[in-house]
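Note sheet for the following structure.
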Amino acid sequence: MASMDIFKGRAFHAISLTEAINGAPYLPTFLGSQNIFTPKPVRTTTVAIEKKDGVLTLIQTSERGAPPAVADITRRDIRDFRTVRIAKQDTLMADEIQDIRAFGSESELASVQAEVAARMKSLNDDIELTFEHMRLGAIQGVVLDADGSVIRNWFDEWGISAPAEIDFALDDPTTDVRTLCHKVTRAMAKAGGGAFVPGVTSVHALCGDDFFDLLIKHPSVRETWLNQQASADLRENIAFGSFNFGGITFHNYRGTDDGSKIAIDPTKAKFYPVNAPGVFQVAQSPAETFDFVNTPGQRVYAWTVPDKDRNAWVQMEVYAYPLFICTRPAMLLSAKAA
């Protein structure tokens, strides 16, 4: 019969469990797989972000020996933002592991470890789903909580207005879609300044189902591809796939199947930069235990909490302390299909 005393061993120590869960594969999620958010581990519960209102100016020519032009003083605005706390737990009852060693030749410890690992993975999947929800918010400039409330509106934080939505007019066969793509790229490059690196930074779009379907069947898109070998791609079923047109990579984004927890409006597209230095970051604060206090924050933490009074259960808990940041929300554009 399995014993609850095994949870006092090293295998179930907070540091060991955290190392194990951070070494597990990520839950397959599109924005997570793009790796556009640079991790910024911090030792505190806040992260400092500096805003510099620098501008590029033309320099007037001058005679040799004359004093050089004096640069304007760049104003700096340094602000602190608190990371948020994400936490979830599951409970393993003593009678659930009573006969856990009965199958095969596994030891009691190995069997209980497998059970705990399976439950930890389920908890971690929920954490990763929450991360994807926050990433999706950050690439639109507004990070939302699970209940729809606003965690951070980066447009408001930086004191700028969200760019006006672009009408792609995909219901009109005469629309020049390529020119609209150029409009998006130019606007993003101008808003990005030095963060939009020519030849490195690329423009991507997450598309709702209707927007994506109207786009790939639009005459100006199909005519461009007609005489190219790649046109075969448009004849295939590329639902939840991707293709490049007008210098933009369009993705038919698949969120949660309920279409509400994580989703793009079916008739919308959201444009964001990839490989734009410093634009997207995720701060990570340390956990709230003595094991991790004042250490650089990690992606996810995990530990167990035994029942000290009756030894009847053990709680498995996972925590994360992130803040998903967009430093240049003016680069984030949106479009409607019609």
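The values are calculated or read from the model by the stated rules, or taken from the named source; none is laboratory data. Not measured: the values here are computed from a predicted model. Cβ atoms come from the backbone with ideal geometry, glycine included; neighbour counts cover every protein chain shown. Side chains are part of the model used for accessible areas, which takes the heavy atoms of the whole protein and leaves out ligands, DNA and RNA. Shrake-Rupley method; radii C 1.70, N 1.55, O 1.52, S 1.80 Å.
Overall, the accessible surface of the stretch 113-212 at a probe of 1.4 angstrom is composed of carbon and sulfur to the extent of 53 percent.
Each peptide in 157-163, 83-89 receives the mean, over its residues, of other Cβ atoms within 10 Å, and ordering these scores from highest gives 83-89, 157-163.
Cross-link reach is defined here as a Cα-Cα straight distance under 17 Å, omitting same-chain residues fewer than 8 places apart; for LYS183 the aspartates and glutamates meeting it are GLU165, ASP167. Computed over neighbours whose Cβ is under 9 Å from that of VAL142, the net charge equals 0, Lys and Arg +1, Asp and Glu -1. Sorted from longest to shortest, the spans of the Cα atoms of the stretch 285-338 along the three principal axes equal 62, 32, 12 Å.
I need the calculated FRET efficiency for the pair ASP210 and MET93, taking r as the beta carbon distance and R₀ as 41 Å, to the nearest 0.05. Don't skip to the answer; put the middle values down first.
Values: r = 47 Å, r/R0 = 1.15.
Plugging the Cβ-Cβ distance into 1/(1 + (r/R0)^6) gives 0.30.
Coupling constants for the stretch 283-292 follow from the phi torsions by the Karplus curve (6.51 cos²θ - 1.76 cosθ + 1.60, θ = phi - 60°), and in residue order they are 6, 10, 8, x, 6, 8, 10, 5, 5, 10 Hz; glycine and proline get x.
Residues in the stretch 187-198 carry Karplus couplings, in order, of 5, 5, 5, 5, 5, x, x, x, 6, 9, 9, x Hz; the curve used is 6.51 cos²θ - 1.76 cosθ + 1.60 with θ = phi - 60°, and Gly or Pro positions show x. Distance from the C-alpha centroid of the stretch 272-323 to that of the stretch 158-174: 38 Å, rounded to the whole angstrom.
Over the stretch 213-338, with every protein chain in place, what whole percent of the accessible area is carbon and sulfur at 1.4 Å, could you tell me?
47 percent
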